[in-house]
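The values are calculated or read from the model by the stated rules, or taken from the named source; none is laboratory data. All of these numbers come straight from a predicted model, not from anything done at the bench. Cβ atoms come from the backbone with ideal geometry, glycine included; neighbour counts cover every protein chain shown. Each accessible area value is taken on the protein alone, full model and side chains, heavy atoms only, with ligands, DNA and RNA left out. Shrake-Rupley method; radii C 1.70, N 1.55, O 1.52, S 1.80 Å.
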Amino acid sequence: YPSRLPGDLHPELTLHLSPLSKHLIKDIFMHIEEPRYLQEGKEDLHAHTIGGFYMRIKKTLKKLEEEQKAKGSTIFTGDPARQVEYNLPGHLQIFKVSNLTDALKALELIVEQGEGSSQVMPRDEYDKLSHYYKFKEIVEGRRLVKTQNGKMRFKGAVVDFDPEAVYPLPENPHVKDYPAGSLARRNAEAFSRLYLNLLYQLHRTFNGSPKKIVETFSSMFYLNIRAKELAAMEVIPGDPSVHAGPTFEHPANL
């Protein structure tokens, strides 16, 4: 970091690793997750929304499957045993993709989790508020609720955001910024190794070892714990002005 989104998405955005703020939530997080209905009329050259990006994938899948069906075949020819399947009722469902219907359903679920189902239904199929509206609750300082006239408004309970409670993390940190041999540096290096291992686990899971998904989830939760420990750590012990933060650098480059 600084970096950009992959796939030429939102080319106008520069992404930074920064301490949490309403400015960051509104100008970056909400911008990335902005629903399609708020983007009407904008040229889709760069797929202005994540939803627009996935819509193009859906159109391409439909086109390719239609072409293969005309030849008496299908594009879904992989080994079903390599597909990942996991179900945590009410929270998470990873289902096997064996045909076009499954693929389109999976893509739509991704969009719903980020943007919401629609302007009047900002929730996903688990009745959980989509990412965009969760972010907006923080910015507005109120929960999103349905009012007496049936419309969704940010008029619910107070959502308290205390900027003074945010750890003073450096912007776009690098491991080399932390003193050699310091606790902060050692833990930042360890975090980068753990993050790389998670990427390897995800790769193995979705490339022939689907049962490793549970092991991968465990690594995600552990990484979350280590990130919080790192953020609570002062770069120089006794100096609370700057805390350490994860750098997400490749260990080979440290």
Select, from G90, G41, G51, the only residue that is in a helix (DSSP H, G or I) and at pLDDT below 75. G51
Are any residues in region 201-254 exposed (fewer than 15 other Cβ atoms within 10 Å of the Cβ), under 30 Å from D79 (Cβ atoms), touching a residue at least 60 places away in the same chain (Cβ under 8 Å) and not β-branched (V, I, T), and if so, which ones? N207, G208
Residue hits (region 154-191; open to solvent by less than 50 Å² (accessible area, probe 1.4 Å) and small (G, A, S)) are G156, S182, A184, A188, A190
Is there any pair with a first residue in region 100-116 that is over 18 Å from E85 (Cβ atoms) and crowded, with 17+ Cβ neighbours inside 10 Å and a second that is modelled with pLDDT under 80 and among the aliphatic types (A, V, I, L, M) whose Cβ atoms are under 6 Å apart and which are 6 or more apart or on different chains, and what are they? G114/I50
Restricting attention to region 58-93, which residues are over 21 Å from H203 (Cα atoms) and surrounded by 13 or more Cβ atoms within 10 Å (Cβ to Cβ)? K58, L61, K62, L64, E65, Q68, T74, I75
Members of region 209-249 found to be of a type outside the set (S, T, Y), in a helix (DSSP H, G or I) and farther than 22 Å from H174 by Cβ, listed by number: P210, K211, K212, I213, V214, E215, F217, M220, F221, I225
